[in-house]
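To keep things clear, I will list the structure first and then write my remarks on it.
The values are calculated or read from the model by the stated rules, or taken from the named source; none is laboratory data. The model shown is predicted, which means the values in this text are computed figures rather than measured ones. Cβ placement follows ideal geometry from the backbone for every residue including glycine, while neighbour counts extend to all protein chains displayed.
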Amino acid sequence: MPSSHEWIFIENLTATLKPFQEISLEAGKADATISVIITNISVLKISLKSSDEHANGYRSCVNLCCKKDLENFEPSKPIVVACLLDPG
């Protein structure tokens, strides 16, 4: 049985990884569109930067690990316009 410290770790880690699960489920749907995926990745970037006093250390670690992959993700203006005109 996990100790109270281990339960806190598990809860914080679960809260940190939850956005990844949600995005993975959305992107894996048969009817997923690029506009949904772009929006979700943008929300993920914001989520990783948000401060939560309990999960902040975990988010910082995950943010550092994902930074290389996500830092170059900036949709171009034509892609954003296309997503707005045809949201899915």
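Note on the range 3-53: residues that are farther than 19 Å from Ile79 by Cα, at pLDDT 85 or above and in a loop (DSSP other than H, G, I, E, B) amount to 4.
Among the residues of the range 54-87 satisfying the criterion of being of a type in the set (A, V, I, L, M, F, W, C) and under 30 Å from Phe9 (Cβ atoms), which is modelled with the lowest pLDDT?
Ranking the candidates gives Ala55 first.
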